[in-house]
Amino acid sequence: MLWEVDIHLRDAAGDHAARAVVAGAAELGIAGCTRATTATGWLIEGDLSRADIERLAAAVLADPVTETFTVAEAGDAVLTTAAAGLPTVLHVLPRAGVTDPAAETALEACGLLGLRPSAVRSVRKYWLPALDAADADRLAWKLLASEAIHDVVIGPLPHRTLAGGRPWTFSQETVHLTGLDDASLDRLSRERCLALSAAELHAVRDHFQSLGRDPLEIELETIAQTWSEHCCHKTLGSPIDHVGPSGSVRYDNLLKETVFASTRKVREQLGPNDWCVSVFRDNSGVVRFDGDHDICVKVETHNHPSAIEPYGGAATGLGGVIRDVLGTGLGAKPIANLDVFCVGRPDTPAADLPPGVIHPRRLLAGVVAGVRDYGNRMGIPTIAGAVAYDPGYIGNPLVFCGTVGIMPRNSADAAVQVGDLVVVAGGRTGRDGIHGATFSSVELSSDSESQSGGSVQIGHAIHEKMLTDFVLEASRQKLFNAITDCGAGGLSSAVGEMAATLGAEVDLDRVPLKYDGLSATEAWISEAQERMVLAVAPADWDKLSKIAADEGVEATAIGTFTGAGRLVLRWQGRTAGELDCHFLHEGRPRRRLASRYVPPAVQPTAWTLHADDSLAASLLDVLAAPDVASKEWIVRQYDHEVQGCSIVKPLLGPGAGPADGTVVRGVLGRDRGIVLGVGLRHRLGPLDPYQMAAGGIVEAIANAIAVGADPARIALLDNFCWGDCRREESLGTLVEACRACHDMAVAFAAPFVSGKDSLNNVFAWTDAAGTHHERSIPPTLLATAMGQVENVHRAITPDLKQAGNRLAIVGLSRGELAGSQLALVGRVHGGRVPQVDAAACREVFAAVAAAQRAGLVAACHDCSDGGLLTAVAEMAIAGSAAARITLADVPMEADGSAGNGSALDRDLAIAFTETPGRFVCEVPAEVADRFAVEISKTNAVPWAWIGEVVAGDQLEIVSTAGSATTVPVASLARAWRGGA
Amino acid sequence: MLSPRAMILRAPGTNCDHETAHAFERAGAIARRVHVHALAQKPSLADDFQILCIPGGFSYGDDIASGRIFALELKSRLADSLAKFRDRGGLILGICNGFQVLLQTGLLLADPTSGAARASLAHNTSGMFLDRWVHLRAVPGRCVFLQGMDRFELPVAHGEGRFVTRSPEDFAAFDAAGQLVLRYAADASGTSSNPNGAMGDVAGVCDETGHILGLMPHPERFIDAVQHPAWNGRLDPAAAGAGFPFFTNAVRAVS
């Protein structure tokens, strides 16, 4: 019997979903949808009576104070009776097989009442005014549902059962590669979503020919997952012949010779003081923290899934990186998250979007909600992040999620032992996420939504929380020898990696399934979320299972690590496939690539000012620009204070202004802190990829320094997101960025400890006229800096503190307006790209840190997006304080950006140039002399007093000509918060 | 004298248990995190404790409603031992999700005859999860946890925190009985800091004895001055935060 329970709110005023539908319909231009009412429905199947269902509804599903319920057999007319004037009934429900966390919770709750339904599914129900079919359809798919994961039913639900599939019957499929030409191999790769090149398929064919056969489907799939761009640095690790502005370079392995090499050099220089613990070999990078703990950090992207299903894509992106930390060494506790999104501009007209593209505003709302619901449920504070808006990300947004973890000293090394059990723990395996690893390696297109539904996953955060509690307890008791997460490629990657040298035998029929019908291959490559694989000594198995049971987590031994160097896959005792580990991990043919980089010509600075332009008007425009404007609407949705360790938060000061770096305690009750800073100079990508990367790294470090991080303890992460790297020009920009990473890490003695690349960020579509288009994203490096402060009590925030204090700028400014916020708001075109002078930046970092350490700095803010004047305005907003600055006092390198030579041009250039590596410091008047001495100890640092904190409520800007402009701080705050 | 013992009762999805245990320990208690499954298997575990705290989080995901399943679990498996704990004078504190649980188990504000809930915590008026700091005013009355407290700030972080009663009469009765002990107050500019549309600005309520308190704000997130978003340069970093007295009051009351 299939029952339906509908839960209605008693007070319609509390129906947020109804308000959202009405507002969304108006935005979509759907006339007549001025009222709505909504309900939550539950489909419940099983041998249950009406009384059972009513008991369930009253005790579990409905709130006795605020809600009422209706119970009926599915399909009963009472369930779709029109509400007054609202005849259209629209249902949105997860597709069969898609994770439905609420339904899983309801199913578990039934057990507490002694009820045993066989299946539960959740439904959202909407009663709407009479709408024509096209409008109802548009409303459903543009606003309420996602094609990748939902079914929409208008009118009565047709369901009479929720029953799933039947058990799979063993079979083997041989994939015939022998005799196929390259075109056929390419077609085979495309049709099976393998993302393998013809050359790679040749290697596979040759390997199996030496065995006298063709590969089985499960073997070919395992190879495709392992060789995917997602799972190995296929492009970055390639030999490359590069021709750049400084001549030709020949790399045998680009990544090893740039990023890895810089880390090696830094570690060599540090010698016995090397504080790196485990870099570039585990799921995250590990460094020393205090006497008892190491800390680790990882940032991942989840771009393609988020483009199709923003909520699920971002949530599982975060879930995945949390598992990376959990799966580091012998398990680390996740203690902080960060997120960075790159999307199209919020004001993009809907008509300008290619077909199949989700509007940037809806996309951003979706990814924010995904991070919110996953991160908040996990109980990990999301404390750092950024949003970048650029038309280049339409159709291919970037979604970065990062996690910091902490672990006991001496637990970073893990090694699988021969005879260990292969244990899978956590969520059950379903068809979700099949081909995620290979999907992320192919380009997105306007049809991706319909083609790749299976590769989009929905997360179940509480399962991951339970899994985390289980792993950390098992780790405390030292009950496993190694651990890794099931991410891209599922078990095939996780077990494959852990068994890379020893080999393993796996009984795939033992993998716990969400529902019947999965084949051995599907169980093997499914990317179902919330699973970890552990290597457990047989002697520890009983204790481990007990902890799993106590925490309500399913842990199943599915095989053994053998030491035979072969990966043997079985189904009910029969061999389903067998692979040589050496071939699987070392057999991928490497192809020498060619890359080329020719810098674009520098455009001369051209001012485009109007008669009524002024410093004040420009400042208000820049503060309101999407990249700079307040992200409070996002930050407040994230629980950034759970765990009780957040000390410098993303919004701070009496005026709740923006932070630079943010700080968490590493351990409750102890004072040593972890600092997070991010840097992203994507707008420079198309102009100068080297400076884009270098500038991002400097920005990330500067964010950490501003808050008081020790410059000698900064670890870096790289996340490369690039377009089509099969093009030599595109690959050329990637090489330039890698060179920058190397040079910066060495210059700042800040080692890269981990990283990730996401290539092939290309969106392809065909327009109404039948023309095919392809668009690559701008070359984008996200730099993350993880710093440390000895005592969080001595952290420094950017909010202005006290009238009478003086303001200094540290670091030289140059007229470098290309890609600046001033350019984005239309005041200027062209100009030079901001250049990183690494040696000078290093001196500035050291000088600022020394002044902070000496207790001479009351507030500190780095100058990044929007330059000096924006920085001062943000400090005033955060401190709810007034200030005066004099532009003539700013140390400014003479340059050619004078344009038509007007005084306003000169003032704007000083105020808004985005030269990297500069800070504004607030210094108490009584220690101003000491600050001057301290900051000048390193004679190379250009700095100057440029103003003071004053009483009142105005920001006063004195131009180079000596005239003063004032703007109320309240107006700055209003502009920054998006008000007029 | 022996230190009082505080049980931090957790369920799948509880996520404020560590910092809540830490706050009790700082206040002088011995705090133990106990899984509800373990307590259900051995209810006598509770006999060793004087304080029971249900901390914040998303118990069982809060996918159906906040605290619903945790409360059902307590009602169906631990009703007697909770009643016993209360009747022998044990203190019970429910923070955020724990407050939601306490209302639904009937330990707070339930109809004395039917046991039915007379109050609930509904979705915020904004429809959104919200993390921000609020101004509060306590009228402690008998409430053990709030003794000596008046006006202070704490953070809130929830999506379902709008206090509502079954009827206006219920609200008036709770008010008259002095159970609506913690209210959102105006900030310095006179703006209300009610973050969720709660009736009567109610942020926390206690039972008739003053031994049971449920509140939406998080006192365990403000036991140190440096947890305040504007501490830097304004508060002594070594000072305690305004949430600390919740824990010291409780510890003192059972010592």
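Derivation of every value follows stated rules applied to the coordinates shown; laboratory data play no part. What you see is a predicted model, and the numbers here were worked out from it, not measured in a lab. Backbone-built Cβ (ideal geometry, glycine too); neighbour counts: all protein chains shown.
Worth pointing out:
- A cut-off under 11 angstrom between Cβ atoms defines the neighbours of residue B:118, and their net charge, with Lys, Arg +1 and Asp, Glu -1, is -2.
- Farthest toward the positive end of the dipole of the range A:798-980, out of A:912, A:972, A:890, is the Cα of A:972, where the dipole comes from beta carbon charges about the Cα centre.
- Here the simple spin-label model places points 7 Å from the Cα toward Cβ, and for residue A:170 and residue A:926 these points are separated by 8.4 nm.
- Averaged over B:64-77, number of beta-carbon atoms from partner chains that fall within 10 Å: 4
- With R₀ fixed at 45 Å, the C-beta to C-beta distance from residue A:47 to residue A:274 puts the FRET efficiency at about 0.10.
- Debye log10 I(q)/I(0) for the range A:261-586, one point scatterer per Cα, at q = 0.12, 0.13, 0.14 Å⁻¹: -0.84, -0.97, -1.11
- Highest-first arrangement of A:634-645, A:469-480, A:941-952, where packing means the average Cβ count within 10 Å: A:634-645, A:469-480, A:941-952
- Residue of B:32, B:118, B:132 that the Gaussian network model of chain B assigns the largest fluctuation, springs spanning Cα pairs under 10 Å: B:132
- Net charge of Cβ neighbours under 15 Å - reference residue A:806; Lys, Arg +1; Asp, Glu -1: -4
- Computed from the alpha carbon positions, the gyration tensor of the range A:798-980 leads to an equivalent ellipsoid with semi-axes of 24, 21, 14 Å, biggest first.
- Computed E for residue A:537/residue B:255 - FRET, C-beta separation, R0 60 angstrom, nearest 0.05: 0.85
- For the range A:487-495, the Karplus equation 6.51 cos²θ - 1.76 cosθ + 1.60, evaluated at θ = phi - 60°, returns couplings of x, 4, x, x, 4, 4, 6, 5, 5 Hz by residue, with Gly and Pro reported as x.
- Residues of the range A:516-544 falling in the label zone of residue A:161, defined by backbone nitrogen less than 16 Å from a point 7 Å along Cα to beta-carbon, are A:516-517.
- Computed across the range A:2-154, the Kirkwood hydrodynamic radius from all distinct Cα-Cα pairs reaches 16.1 Å.
- Average partner coverage of B:121-131, which counts Cβ from other chains inside 10 Å: 6
- The charge dipole of chain A, taken about its Cα centre with unit charges on the Cβ of Lys, Arg, Asp and Glu (plus for the first two, minus for the last two), comes to roughly 1020 debye.
- Over the protein assembly as shown: Rg over Rh, Cα atoms, Kirkwood Rh: 0.96
- Each of B:18, A:91 was scored by other Cβ atoms within 10 Å of its Cβ. Arranged with the fewest first, they read B:18, A:91.
- With only Cα atoms counted, the range B:5-254 has Rg and Dmax values of 16.8, 54 Å.
- Mean separation of Cα pairs under 8 Å and 6 or more residues apart, divided by the residue count, gives the range B:204-255 a relative contact order of 28 percent.
- Angle between chain A longest axis and helix A:838-853 axis [Cα atoms, degrees, rounded to 10]: 90
- The stretch between residue A:767 and residue A:76, if pulled fully straight at 0.36 nm per residue, gains 244.3 nm over its current Cα-Cα span.
- FRET efficiency, 1/(1 + (r/R0)^6) with R0 51 Å, evaluated for residue A:116 and residue A:888 via beta carbons: 0.05
- Net +/- balance of residues flanking residue A:957 in space, Cβ distance below 9 Å, scoring K and R +1, D and E -1: -1
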